[in-house]
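A short write-up of the structure that comes next.
The values are calculated or read from the model by the stated rules, or taken from the named source; none is laboratory data. Keep in mind that what you see is a predicted model, and the values were worked out from it rather than measured. In this analysis, Cβ positions are derived from the backbone assuming ideal geometry, glycine residues included, and neighbour counts consider all displayed protein chains.
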Amino acid sequence: MAVKTFDLHINTKGFCDVIDITLKISKFVQDSNIRDGIVVVFVPGSTAGITTIEYESGVLNDLCRVMEKLVPSSERYEHNLRWGDGNGFSHVRASLMGPSISIPLVNGSLSLGTWQQVVLCDFDNRGRTRRIIVQIVGE
């Protein structure tokens, strides 16, 4: 059993910035020399999330529109009252999406569907440099 851990740093714009990181994760898998196991992709922080989606402009726009409907940025958030940073909505959105995913690794390849990509979603109200941890466990 082997464990390999990689860091990825991505500059984001915030406000539902969705970035495809699939190729970077695939490169880490290749560099790990692990053929079978599991890949965990995790973003530290409470205003961003990791998921899979078809990385196509229509569905990306749909995702951001639905997030705005579910968790409107214009709502009153207790977090904003306490901290004054105006990003209460981004914390709630990120908690709904979640900070990580696990992907089976089979024969050296991520077990993703044909149109399925791994994405970072930055919901904060400003751009940031996001750290993503990719951990590959297997043999």
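Structure notes:
- Identity of the residue in the range 89-107, closer than 21 Å to Val40 by Cβ and among the polar types (S, T, N, Q), that ends up surrounded by the most Cβ atoms within 10 Å (Cβ to Cβ): Ser100
- Gly86 being over 29 Å from Thr5 (Cβ atoms), out of contact with any Leu (no Cβ under 6 Å at 6 or more places or on another chain) and assigned to a loop (DSSP other than H, G, I, E, B): yes
- For the range 8-67, the set of residues classified as of a type in the set (Gly, Ala, Ser), assigned to a loop (DSSP other than H, G, I, E, B) and in contact with an Asp or Glu (Cβ under 8 Å, 6 or more places away or on another chain) consists of Gly14 only.
- Restricting attention to the range 45-88 and to residues that are aromatic (Phe, Trp, Tyr) and under 22 Å from Arg131 (Cβ atoms), the residue that is surrounded by the most Cβ atoms within 10 Å (Cβ to Cβ) turns out to be Tyr55.
- Sole residue being touching a residue at least 60 places away in the same chain (Cβ under 8 Å) and of a type in the set (Val, Ile, Thr), chosen from Val92, Val66, Val118, Val71: Val118
- Which numbered condition Asp62 misses (of (1) touching a Gly at 6+ places or on another chain (Cβ under 9 Å); (2) farther than 30 Å from Ala2 by Cα; (3) at pLDDT 95 or above): (1)
- Flag if Leu110 is more than 12 Å from Cys16 (Cβ to Cβ), under 18 Å from the mean Cα position of the chain (by Cα) and either surrounded by 12 or more Cβ atoms within 10 Å (Cβ to Cβ) or at pLDDT below 95 (or both): yes
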